[in-house]
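For reference, the structure is listed below as structure tokens.
The values are calculated or read from the model by the stated rules, or taken from the named source; none is laboratory data. Treat the numbers as computed from the prediction; the structure is a model and nothing was measured. We place every Cβ from the backbone using ideal geometry, glycine too, and count neighbours over all the protein chains shown.
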């Protein structure tokens with residue numbers, strides 16, 4: 001059972017890292033966006049990711065883990081949020097949204113991977129499913145906006 005908890009804690013810490021990347025990426029995008037609508041949208045997504053982080057940290061503590069240590073590989077997710085900073089410097093909204101899409105797709109994949117664990121407790125599975133659904137909704141909205149901007 002201890003090995004199951006360790007894997008669960010490691011997986012949840014990885015999702016905390018992903019949510020933190022999203023939170024800071026959207027926060028950066030909100031600070032530098034050139035329209036009030038984009039600033040409000042990005043700020044809302046940043047706040048949502050902060051809430052996800054707190055929920056995940058609560059789950060980690062529940063299983064005896066330390067939510068401030070660990071996290072796992074960042075890879076594409078972290079690079080996507082760095083791309084947000086680069087795109088913001090050029091004031092290219094389409095590029096910013098494209099970087100957000102890359103980050104959100106990577107987040108959905110990470111959640112899906114953790115959710116494949118058949119040993120996930122039902123209450124934790126419920127939280128992760130809800131967070132993944134919210135990220136998928138965000139992804140759909142951001143993709144829709146991205147597709148309406150002329151290149």
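So which residues in region 18-37 are touching a residue at least 60 places away in the same chain (Cβ under 8 Å) and part of a helix (DSSP H, G or I)?
If the condition is that a residue be touching a residue at least 60 places away in the same chain (Cβ under 8 Å) and part of a helix (DSSP H, G or I), then 18, 19, 21, 22, 25, 26, 28, 29 are the ones that fit.
Taking only pairs six or more apart or across chains, which ones have beta-carbon atoms under 7 Å, a first residue in region 125-151 that is on the phi > 0 side of the Ramachandran plot, and a second residue that is crowded, with 17+ Cβ neighbours inside 10 Å?
none
Any idea how many residues of region 54-65 are surrounded by fewer than 20 Cβ atoms within 10 Å (Cβ to Cβ) and assigned to a helix (DSSP H, G or I)?
The qualifying residues number 6.
Counting just the residues of region 113-129 that are surrounded by 12 or more Cβ atoms within 10 Å (Cβ to Cβ) and assigned to a helix (DSSP H, G or I), which one comes out nearest to the chain's Cα centre (by Cα)?
128
Would you tally the residues in region 113-124 being touching a helix residue (DSSP H, G or I) at 6+ places or on another chain (Cβ under 7 Å) and without any contact (Cβ under 8 Å) to a residue 60 or more places away in the chain?
Qualifying residue count, region 113-124: 1.
Residues checked against (1) in a helix (DSSP H, G or I); (2) in contact with a strand residue (DSSP E or B) (Cβ under 9 Å, 6 or more places away or on another chain); (3) at pLDDT 75 or above:
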{"site": "3", "(1), (2), (3)": "yes, no, no"}
{"site": "6", "(1), (2), (3)": "yes, no, yes"}
{"site": "39", "(1), (2), (3)": "yes, no, yes"}
{"site": "50", "(1), (2), (3)": "yes, no, yes"}
{"site": "67", "(1), (2), (3)": "no, no, yes"}
{"site": "80", "(1), (2), (3)": "yes, no, no"}
{"site": "84", "(1), (2), (3)": "yes, no, no"}
{"site": "88", "(1), (2), (3)": "yes, no, no"}
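Kindly indicate whether residue 76 is crowded, with 19+ Cβ neighbours inside 10 Å, under 14 Å from the mean Cα position of the chain (by Cα) and either within 14 Å of residue 99 (Cα to Cα) or modelled with pLDDT under 85 (or both).
no
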